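No value in this document is a laboratory result; all are computed from the given coordinates. Owing to the predicted nature of the structure, the values given are computational and were not obtained by experimental measurement. Cβ atoms come from the backbone with ideal geometry, glycine included; neighbour counts cover every protein chain shown.
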Amino acid sequence: MNLAINAAFNPAGGSLTQLVNMVKYFSSSDDNLNLVIYVNKKTKNLLEEQGEIVGTKCEMIVCTLPGLSVIFRIPWEQLILPFLLLSKNIDVLFCPGNISPLFTKCKTITWIGTIGPFYKEFYQNFNLINRIKLWLNKMLMITSAYRSDAIIFESNFTKNLFIDSYGIKSKRSHVINIGNDTFYKRINNKEYPDLDKRFNGFIPYALCVSHLYPYKNIL
């Protein structure tokens, strides 16, 4: 099977970690799987910085246009990428950047990794131009979900938002909760004796590694 990953966006933070681990997994998972990754220059450098994550079965194709800005990424994604997929006889396209081409010959799977553009409070943090970009992003995410053969969400909350508010079919909607890597481990207080002193005054407390945006529902 020929699998393509549309990684020609600019991942950062958690989305970069997810992309790196996806590439690691797919490039070493199945002898019958041929992997093609479409990247921009920045994403290519980010992946290469992670070390030897791309196996011999993987072909990385650098595309300049989508790396310039979102204004160029969207036309490239909708008009040029479908023809690139045809030239490589791609069977399945995986889009981990929230948006996917609306018309492709191959099966399409879209990963919805944020719901920021769906919250009015979120827009208060941006100027008018960026608010318009967020709204367009929201529309493209909804349309991508309509057109995709499968949609992956990070939580049931997000899945239900798309099903209840935008009529996305539940049989095409799937939840994959984000897990933790093997290098995470419980801290030994004997190794870090100052931890108790630093946090005892705040018990009970919760550690949340996240942006402080309203839609994160931290409260």
Checklist entry - Magnitude of the Cβ-charge dipole of region 76-195, K/R +1 and D/E -1, about the Cα centre, nearest 20 debye? => result 320
Item to check | Positive-pole candidate from Phe126, Thr114, Cys58, dipole of the chain, charges at beta carbon | outcome: Phe126
Checklist outcome for this item: Net charge (Lys, Arg +1; Asp, Glu -1) of residues whose beta-carbon lies under 14 Å from that of Leu68, Leu68 excluded, is +2
Checklist entry - Once a ≥ b ≥ c are taken as the square roots of the eigenvalues of the Cα gyration tensor of region 66-107, is the result rounded (a/c under 1.5), prolate (a/b larger than b/c) or oblate (a/b not larger than b/c)? => result prolate
Item to check | Mean Cβ count within 10 Å, highest first, over the residues of peptides 197-205, 31-39 | outcome: 31-39, 197-205
Checklist entry - Can you give the Kirkwood hydrodynamic radius of region 1-103 from its Cα pairs, in Å with one decimal? => result 13.6
Checklist entry - Going by alpha carbons, how many degrees (0 to 90, nearest 10) lie between the helix axis of 156-166 and the longest principal axis of the chain? => result 50
Checklist entry - What does the charge add up to near Ser100, with Lys and Arg as +1, Asp and Glu as -1, over the other residues with Cβ less than 13 Å from its Cβ? => result +2
Checklist entry - Near Asn2, within a Cβ-to-Cβ distance under 9 Å, what is the net charge of the other residues, with Lys and Arg +1 and Asp and Glu -1? => result 0
Checklist entry - Using the Kirkwood radius built from alpha carbon pairs, what does the Stokes-Einstein equation give as D for region 72-219 at 37 °C and 0.692 mPa s, in µm² per second? => result 180
Checklist entry - Give me the Kirkwood hydrodynamic radius of region 40-148 in Å, from all C-alpha pairs, to one decimal place? => result 15.5
Checklist outcome for this item: The helix 128-147 Cα axis meets the longest alpha-carbon principal axis of the chain at an angle in degrees, between 0 and 90 and rounded to 10, of 70
Item to check | Top positive-direction residue, dipole computed over the chain with Cβ charges, set Phe103, Tyr184, Asn89 | outcome: Phe103
Checklist entry - Placing +1 at every Lys and Arg Cβ and -1 at every Asp and Glu Cβ, with all other atoms neutral, what dipole size does the chain have around its Cα centre, in debye to the nearest 20? => result 540
